[in-house]
Amino acid sequence: MLTGKQRSYLKSIANGIKPIGQIGKGGVTDSFIKQLDDALEAREIIKIHVLDNSLLDTKETANEVAKKTNAHFVQAIGNKFVLYRQARKDPQIQIPK
């Protein structure tokens, strides 16, 4: 579980990145989860865009994806959400204690 200070730090990092994936009307598929899992291992923090035609709630979808990828939900703003998971090998982001 992330503390408020850690979450704020990750939000500041996420502010400058662009979404790397999007969820459409197909919803969250196993192949999409696999892609996000690989992206989290490589980048540690990712931003996802939920398209309007998906009819999914952004926060519910974010929590579902976070659970399936063993990541931490950082924030949801509008139709975008941010996830964080420390890399198993060579972590690059040092979050404050």
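Please treat every number below as a calculation from the coordinates, not as lab data. Quick caveat: nothing in here was measured; it's all calculated off a predicted structure. For neighbour counting, all protein chains shown are included, and Cβ atoms are generated from backbone atoms with ideal geometry for every residue, glycine included.
Of the DSSP beta bridges with both residues in the chain, give the percent that are antiparallel, rounding to the nearest 5. For the chain, the DSSP antiparallel bridge percentage is about 75. Among 19-26, 81-88, sorting by the average number of other beta carbon atoms lying within 10 angstrom of each residue, highest first, gives 81-88, 19-26. Here the gap between K34 and N15, fully extended at 0.36 nm per residue and compared with their Cα-Cα distance, gives a gain of 4.4 nm. Across the chain, Cα pairs under 8 Å and at least six residues apart give a relative contact order of 33 percent. Fewest-first ordering of L2, L56 by other beta carbons within 10 Å of each residue's beta carbon gives L2, L56. Evaluated with a Cβ-only charge set (Lys, Arg +1; Asp, Glu -1), the range 4-84 carries a dipole of roughly 320 debye about its Cα centre, given to the nearest 20. Using the Cα coordinates of the range 4-84, the gyration tensor eigenvalues translate into equivalent-ellipsoid semi-axes of 19, 14, 11 Å, sorted from longest to shortest.
Here D90, D57 are placed in order of increasing Cβ neighbour count within 10 Å, fewest first, which gives D90, D57. In this structure, the residue pairs whose Cα-Cα separation is over 22 Å, taken from K18/K59; K59/K97; K5/K68; K5/K89; K68/K89, are K59/K97; K5/K68; K5/K89.
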